[in-house]
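Read-outs: derived from the displayed coordinates by stated rules, not from any lab. Because the structure is predicted, anything quoted here is derived from the model rather than measured. Here Cβ is always computed from backbone atoms with ideal geometry, including for glycine, and neighbour counts include all displayed protein chains.
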Amino acid sequence: MENAHKFYIDGKWVDPDRLRELDVIDPSAEQSIGTIAIGSAADAERAIKAARAAFTTYSQTTKGERRALLERILAILKRRGHEIGDIISREMGAPLTMARAEQAGLGAAHFEETIRAFDAFDFEYMQGSTRIVHEPIGVVAMITPWNWPINQIACKVAPALATGCTMVLKPSEIAPFNALVFAEIIHEAGVPNGVFNLIQGDGPTVGTVLAGHPDVDMVSFTGSTRAGIAVAQAAAPTVKRVHQELGGKSANIILRSADFALAVSAGLRRCFGNSGQSCNAPTRMLVPAERMDEAGAIAAREAALLTVGPPCEPGTDLGPVASAAQFDKIQALIEQGIAEGAELVAGGPGRPSHLNSGYYVRPTVFAHVKNSMTIAREEIFGPVLSIIGYDTEDDAVAIANDTTYGLAAYIQGDPQEARILARRLRAGIIRLNQSAWDGAAPFGGYKQSGNGREYGKFGLHEFTEIKGIVGYAG
């Protein structure tokens, strides 16, 4: 791919300090689809320096100038949407139709929502005799994941550009090619030199430099809780803002008032979307204890309807998981679930029988799971559902909250019951009765699911500092 061995720094495609290459693997074939250059500390320093220099002028641009920039990026994102979707499908395995509509589509959706929020956002207002001013925080290091790559790039870059920040992006080295296209879009849209910089690399080398650098004012990180802890530790000595969206083990409470068959079937499909590789996937399904066997049977039937196969084939519901490491982790956790006594009602270890290669996982359902079991505690990040029984609503709330995570939760049933229960759950976003995605809703978690919020006006707030000019009206 063009520019795969270059970085985008200060408005130009530049050679790395020294060329080190890394293969990008197609997870459906377990074969390389190309290589990228992997950056060094020196490359990271160069990108940070460009962002710091650009901040002086870009932070002073007008709201109108920044809005026009967002509109130009959005138009090009839409024009190149299918191309981005095709790339994401190849590099991380999402089914092609889903990659085009959702993976790539959400990138444009975030720019649209940011523009709406930006138009309504008051950067300055009076509070008595004091002038309250929201100013750009400065240089932002952005470290993004492979599971929803352009989605996470867009929901960071759009608000950062809108608020007047400059940035250095390090995308995941597992799914890096879509980020190269995004940098091309940034360039075509006329983003001023140095405002957006892209460097490929791994976490221990480039990520650590970005997180710890004194000229970086904020780190926005999306990834695992383990990696998030490392980022926070690297950032701590410079006391910069650290925004993190980390792991999850989200509960899906199916109330006795729910349409049971519909709720179980829809819950399984939502859990298994993107091959289960979503941090907010409802991986713990909580059902009335007396209906456990019924829930297991419904989930098993629904899992059997899913087609696992090559992302490019029409009708594929689940592609492969993104990497060999991810495949091995999922297999080990499935084996752990069996060893700890959970009842396997669908799927299990190994690939589907019709697939001899590729990182394909059998859609797997466990019933009679205890919340103390490993599969109910650890984020599996694959198509694996754990069904847990509860006796009372209080019991369901206690089980749902009994986790180190707190990113999302789901409730199915009578709307009034669900609204009351939602207030008792310790999670950043609660979705009631299969509600649709809302790009204006705050996205982020409690506990070890991170801190801060993304999307819409909440994302704009994350990238600003607040200044009070006292006596302004005096």
To the nearest 500 deg cm²/dmol, what mean residue ellipticity at 222 nm is calculated for the chain from DSSP H runs of n ≥ 4 alone, each contributing -39,500 (n - 2.57), summed and divided by the residues?
-11500 deg cm²/dmol
In whole angstrom, how far apart do the alpha carbon centroids of the stretch 399-474 and the stretch 90-167 sit?
16 Å
What angle, in degrees between 0 and 90 and rounded to the nearest 10, separates the Cα long axis of helix 81-92 from the longest principal axis of the Cα atoms of the chain?
60 degrees
Working from Cα positions, state the angle (0 to 90°, nearest 10) between the long axis of helix 324-339 and the longest principal axis of the chain.
30 degrees
Name the residue from Gly247, Gly267, Ala303 whose Cα lies farthest towards the positive end of the charge dipole of the stretch 243-314, charges +1 on Cβ of Lys and Arg and -1 on Cβ of Asp and Glu.
Gly247
What is the dipole size for the chain, taken about its Cα centre, with +1 at each Lys and Arg Cβ and -1 at each Asp and Glu Cβ, in debye to the nearest 20?
820 debye
Beyond 27 Å, what percent of the Cα pairs of the stretch 251-438 remain?
22 percent
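Taking only C-alpha pairs under 8 Å that are 6+ residues apart, what is the relative contact order of the stretch 251-438 in percent? Write out the running numbers ahead of the final one.
Numbers: 361 pairs, mean separation 51.5, N = 188.
It comes to 27 percent, rounded to a whole number.
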Cut-off 12 Å (backbone N to label point 7 Å along Cα→Cβ of Arg426), residues of the stretch 436-455:
446-449
Sequence neighbours fewer than 8 away in the same chain don't count; with that in mind, list the aspartates and glutamates whose C-alpha is under 19 Å from Lys6.
Asp15, Asp17, Glu21, Asp23, Asp43, Glu45, Glu91, Glu173, Glu184, Glu188, Asp202
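Between Ile229 and Ala436, how high is the FRET efficiency from 1/(1 + (r/R0)^6) when r is the Cβ-Cβ distance and R₀ = 41 Å? Nearest 0.05.
0.80
Students often check this: by mean Cβ neighbours within 10 Å, which of 265-275, 417-427 ranks highest, and how do the rest follow?
265-275, 417-427
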Of Ala396, Pro214, Ala47, farthest towards positive along the dipole that unit charges on Lys, Arg, Asp, Glu beta carbons give the chain:
Pro214
Label point at Met1 placed 7 Å out along Cα→Cβ; residues across the stretch 67-110 whose backbone nitrogen lies under 12 Å:
83-93
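Can you give the charge dipole size of the stretch 251-438 about its Cα centre, rounded to the nearest 20 debye, using +1 on the beta carbon of Lys and Arg and -1 on the beta carbon of Asp and Glu? Before the final figure, lay out the partial values.
Details: 16 positive and 21 negative charges, 77 e Å.
Value, rounded to 20: 360 debye.
Show me the ranking of peptides 46-58, 197-209, 111-123 by mean Cβ neighbours inside 10 Å, starting with the highest.
197-209, 46-58, 111-123
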Straight-line reach from Lys49: which lysines have a Cα under 16 Å away, not including same-chain ones fewer than 8 places off?
Lys12, Lys170
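Under a point-charge model restricted to the Cβ atoms of Lys and Arg (+1) and Asp and Glu (-1), what is the dipole moment magnitude of the stretch 309-385 relative to its Cα centre, in debye to the nearest 20?
Charge dipole, the stretch 309-385, about its Cα centre: 40 debye, nearest 20.
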Going by alpha carbons, how many degrees (0 to 90, nearest 10) lie between the helix axis of 63-79 and the longest principal axis of the chain?
50 degrees
